[in-house]
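S.K.: Got a structure for you, questions after.
The values are calculated or read from the model by the stated rules, or taken from the named source; none is laboratory data. This structure is a prediction, so every number in the text was calculated from the model and none was measured. Note: ideal-geometry Cβ built from the backbone for every residue, glycine included; neighbour counts use all protein chains shown. Side chains included, ligands, DNA and RNA excluded: accessible areas come from the protein's heavy atoms. Shrake-Rupley method; radii C 1.70, N 1.55, O 1.52, S 1.80 Å.
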Amino acid sequence: MSNNTSNLSELTGSVKRITFHNQNNGWTVARLIVKNMQDDVTIVGNFGTLTPGENIKVSGHWVNDPSYGPQFRVISYELLRPATLAGIEKYLGSGLIKGVGPVTARRLVEKFGLETLDIIESNPEKLTEVRGISAVRIKSIKTAWQEQKEIRNVMTFLSSHNISTHFAVKIFKHYGKDTIKTIESNPYQLARDVYGIGFKSADKIALNIGLARDSDERLRAGIAHVLYEATEDGHCYLPLKELILLACETLEVEDPNRFERLINEMVQTKELYSVDIEEVGSSIYVAPLFLAERATAMRLLNFNHQIAVDQVRILAWLDKFCTREGIELSEEQLSSVIIAVSNGISVITGGPGCGKTTTLKALVRLLIAMGKRVQLASPTGRAAQRLSEVTGLEAKTIHRMLEFEPGSFSFKYNQERPLDIDILIVDESSMIDILLANNLIKAIPSDAQICFVGDADQLPSVGPGQFLNDLISSGIIPTARLTKVFRQAAASNIISYAHQINTGSSPKFAKPGDKSSDCFFIEEVDPERINSLVVKVVTQSIPKHFAIPANEIQVLAPMKRGSIGTSNLNIMLQSSINPEQPNKPQVKWGMTHFRLGDRVIQQVNNYQLEVFNGDIGYITEINTEDRQLTISFNNRSVNYDFADLNELSLAYAISVHRSQGSEYKAIVLPIHFQHWNLLSRAVVYTGLTRAKRLAILIGQTGAVRKAVSNDSSRRYTNLFEVLRSGKSGTGAGTLW
């Protein structure tokens, strides 16, 4: 249950009826008969099960619903057995027990009185004494009673460990009747399996059920937690000394030797892998990341061979294509196309304005002319849609292309069933993490080609690894670099400033009012003034002076926390763009109010809903009766239970990291020393290059200089070294 138990009221009564119950999230509306209260009470909250006739003690607070009047909002509850004959009869006759209806319930109570429930529990064979109950029917009653007992035991168990009701429902949905057994055998599994329950919550449960603070089980779980926590920062492994230091701090255990012994044991059982890495020393991986990194490298090496092509014929075709399309390809672009078609695996990389889009279009058209079966893909839906528009060929997200199957948590296309293609082109490849890369490479036929396209200077993937950078850094994957900024692109200050930043130079930004610029910097030191300026620029200045509506402007920020973080900016922007109104539906989750029309972002991969980390949509419906919220993602409607709203966040302001793969007509980027820990060249460069028409930076010049000078965003990955130390594959190509 919720830990916030101060100022709560308590009611004890008998459930009169269930007005509404959502099986998915447990949301329930019920009427409660409370002694010494003249009218029945409406109670609302998340319940595992609730049955008419049942006695219940609830804790919570009174609210006044605008549509339904006074209600008691339940925070926690305790189920009590019915204590009266009428209550027992109503309880059993409610349909709770298969095989017992209202008539049978009345006969049971008439026969056994207040002992009825005890007899069903302990001596069900006696039920044959009641007319109409056969031995077969008793078996059905026993099974149903046991199922209900298990559910109630689970909910009581979770309640006793201060797990809130909505999380209790999610936990029971995940583990079912094995909930208690799973949690008692490994409470730390909760942190891995149920989104929203972190290691600290699981650790409290572990300590509550008697696990010693210095037990091997707790320390092992802590070691794994620290390693998985490191993946949130993009690391594939941690140096041994750093891992032990972090584990000591996290678990408040002083003896580092305990951890070193356990790490060695976990390496022996292959829960962890230990690798000696040059310049780092002994380093520790969790098994999935070690295996993914090694498997990805080995498979990539098998594609690393040349394919014989007729370059003269290709260049002649490209010349005709350019004439027909009215475009001109530079020497770099022509070389990029040749590299892509003449190698089993290749990379095309370049910054904004360097012609990646035109190169891609020419490459795709050439491959089609060569009779190749071309598949286009990108990590996000927005990037895939843009790739389709550029090339005129359908592009899919990697997950949809590989057809993820939530039931088995695997992809339909894999090494046993590869894609039916000749060449795969993947755009925005800097967003690919090592786990996704491993699944992607598995599904590519051994005789096919792969071309990865992306800007290597952008921020790396949200997940672990830096796949594109490691391919390039290995020095063995054929790589085409587009460096020439085209004249038309060079006229954009967004692009020219981005390239200056990429070389470590702080641009001399244009000031507001310079009509020749598309990128401006507004100097402001005070955080409150910066926030006010962000809101004003988004809601007034840009729509008025540049005719770009607020819903096409994206605020980006380096971090989530702080007064100039995305969380606070979202509250301010929402109150201005989509304010609360009496007739506008909304639902509160934590400190966030989700309203009809809000822009929201998915914060975690949800494979059941086929919505992925970073997807942005708009709330189109809020159904308070069914406790569901509908969001439109690229014209695809997805229904969320209120219990799953922790997966969502407002998206008027998002982190620069989550903006990867997207383009916006205008971006507004506050930048301040408050963002100190996350100020880096890649952050400013990535944020700036998300803008198509307009970019406005607001904050401190010194913070920009600090970010531009910081190019030390190292991640602990080793894919490039594994590639470098491997042997290149061999293979024969086809002429064209």
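S.K.: May I ask you to give the percent of accessible area on the range 292-451 that is carbon plus sulfur, with a probe radius of 1.4 Å?
M.R.: Carbon with sulfur: 47 percent of the solvent-accessible area.
S.K.: Taking Cα centroids, how far is the range 161-234 from the range 451-529 in Å?
M.R.: Computed from Cα coordinates, the inter-centre distance equals 41 Å.
S.K.: Run the simple label-point estimate for Lys508 and Ala308 please: 7 Å along Cα→C-beta, distance reported in nm.
M.R.: 5.7 nm
S.K.: Mind putting a number on the dipole of the chain about its Cα centre? Charges go on the C-beta only, +1 for Lys and Arg and -1 for Asp and Glu, and I need it in Debye to the nearest 20.
M.R.: About 1420 debye.
S.K.: Between His21 and Arg213, what FRET efficiency follows from the Cβ-Cβ distance if R0 is 56 Å, with the result rounded to 0.05?
M.R.: The pair His21/Arg213 has a calculated efficiency of 0.90.
S.K.: Moving to a separate point now. Antiparallel versus total DSSP beta bridges in the chain: what percent is that, nearest 5?
M.R.: Rounded to the nearest five, the antiparallel share is 60 percent.
S.K.: Only loop residues by DSSP count here, and only those with at most 12 other Cβ atoms within 10 Å; note down the trypsin sites (Lys or Arg not before Pro) in the range 450-532 that meet that.
M.R.: Qualifying residues, ordered by number: Lys508, Lys515.
S.K.: Go through the range 397-433 and name the chymotrypsin sites (Phe, Trp or Tyr not before Pro) that are in a DSSP coil and have 13 or fewer other Cβ atoms within 10 Å of their Cβ.
M.R.: Here the sparse-neighbourhood loop sites are Phe409.
S.K.: Can you give me the long-range amide H partners of Lys692? Hydrogens built in the peptide plane at 1.01 Å from N, cutoff under 5 Å, separation of 5 or more residues or another chain.
M.R.: Tyr664, Lys665, Ala666
S.K.: Go through Glu242, Glu416, Glu217 and list them by solvent-accessible area, largest first, probe radius 1.4 Å.
M.R.: Largest accessible area first, the residues go Glu416, Glu217, Glu242.
S.K.: How much accessible area per residue does the chain have, in Å², with a 1.4 Å probe?
M.R.: Computed with neighbouring chains in place, this is 46 Å² per residue.
S.K.: Tilt of helix 165-175 relative to the longest C-alpha principal axis of the chain, in degrees (0 to 90, nearest 10)?
M.R.: Roughly 80 degrees, rounded to the nearest 10.
S.K.: Once phi is turned into ³J(HN,Hα) by the Karplus curve 6.51 cos²θ - 1.76 cosθ + 1.60 with θ = phi - 60°, what whole-Hz value does each residue of the range 254-270 show in order, with x for glycine and proline?
M.R.: So the J values, rounded to whole Hz, are 8, 8, x, 5, 4, 5, 4, 4, 5, 4, 4, 5, 5, 5, 4, 8, 6.
S.K.: Per residue of the range 51-67, what does 6.51 cos²θ - 1.76 cosθ + 1.60 with θ = phi - 60° give for ³J(HN,Hα)? Whole Hz please, x for Gly and Pro, Karplus curve as stated.
M.R.: 10, x, x, 6, 8, 8, 10, 10, 10, x, 8, 7, 10, 10, 6, x, 9
S.K.: How far apart, in nanometres, would the label points at Ser563 and Asp420 be if each is projected 7 angstrom from Cα along the Cα-to-Cβ direction?
M.R.: Modelled inter-label distance: 6.1 nm.
S.K.: I've got another one for you. Working out 0.36 nm times the residue gap between Tyr228 and Gln146, then minus their Cα-Cα distance, what length gain in nm do you get to one decimal?
M.R.: 25.7 nm
S.K.: Shifting gears a bit: Once you sort the root eigenvalues of the Cα gyration tensor of the range 593-643 as a ≥ b ≥ c, which label holds: rounded (a/c under 1.5), prolate (a/b larger than b/c) or oblate (the other case)?
M.R.: prolate
S.K.: Could I ask something else about it? Suppose every Lys and Arg Cβ carries +1 and every Asp and Glu Cβ carries -1, with no other charges. What dipole size does the range 555-647 come out with about its Cα centre, to the nearest 20 debye? Write down the numbers at each step before the final one.
M.R.: Numbers: 8 positive and 10 negative charges, 81 e Å.
My answer is approximately 380 debye.
S.K.: In addition: Does anyone have the angle between helix 102-112 and the longest principal axis of the chain? Alpha-carbon axes, 0 to 90°, nearest 10?
M.R.: Approximately 50 degrees, to the nearest 10.
S.K.: Evaluate E = 1/(1 + (r/R0)^6) for Glu580 and Asn634, where r is the Cβ-Cβ distance and R0 equals 30 Å; express this FRET efficiency to the nearest 0.05.
M.R.: Taking R0 as 30 Å, the efficiency between Glu580 and Asn634 is 0.65.
S.K.: Let me ask something additional. Mind grabbing the accessible area of Arg636 for me, 1.4 Å probe, Å², rounded to tens?
M.R.: 80 Å²
S.K.: Now for a different question. Of all accessible surface on the range 121-259 at a 1.4 Å probe, what whole percent is carbon and sulfur?
M.R.: 49 percent
S.K.: If you count, for each residue, the other Cβ atoms within 10 Å and average over each peptide, how do 325-334, 452-461, 661-670, 194-203 line up from highest to lowest? Walk me through the numbers before you get to the answer.
M.R.: On the way: 325-334: 15.0, 452-461: 25.2, 661-670: 22.4, 194-203: 17.9.
Highest mean packing first, the order is 452-461, 661-670, 194-203, 325-334.
S.K.: Length gain on complete extension for the stretch Asp193 to Leu80, per 0.36 nm per residue less the alpha carbon to alpha carbon distance? Kindly include the intermediate steps, with their values, before the conclusion.
M.R.: On the way: separation 113, 0.36 × 113 = 40.68 nm, distance 3.07 nm.
Fully extending the segment from Asp193 to Leu80 adds 37.6 nm.
S.K.: Once ligands and nucleic acids are excluded and a 1.4 Å probe is used, how much of Ser659 is accessible, expressed in Å² to the nearest 10?
M.R.: Probe radius 1.4 Å; accessible area of Ser659 about 0 Å².
S.K.: Then there is this: With all protein chains present, how much of the accessible area of the range 591-695 (probe radius 1.4 Å) comes from carbon and sulfur, to the nearest whole percent?
M.R.: Result for the range 591-695: 44 percent of the exposed heavy-atom area is carbon or sulfur.
S.K.: In nm, what is the difference between 0.36 nm times the number of residues separating Ala490 and Ile327 and their Cα-Cα distance?
M.R.: Fully extending the segment from Ala490 to Ile327 adds 57.0 nm.
S.K.: What FRET efficiency comes out for the pair His161/Val525, r = Cβ-Cβ distance, R0 = 35 Å, nearest 0.05?
M.R.: Details: r = 47 Å, r/R0 = 1.35.
In this case the efficiency is close to 0.15.
S.K.: Still on this structure: Please list, ordered by chain and number, the residues whose modelled amide H lies under 5 Å from the amide H of Ile522; skip anything fewer than 5 residues away on the same chain.
M.R.: When sequence neighbours closer than 5 places are left aside, the close amide H contacts are Leu697, Ile698, Gly699.
S.K.: Tell me which of Leu360, Leu245, Met370 sits at the most positive position along the dipole axis of the range 224-370, charges placed on C-beta atoms (Lys, Arg +1; Asp, Glu -1).
M.R.: The residue sitting most towards the positive pole is Met370.
S.K.: Another question, if that's okay. Cβ neighbours within 10 Å, averaged per peptide: list 244-256, 342-354, 674-686 in order, most packed at the top.
M.R.: 342-354, 674-686, 244-256
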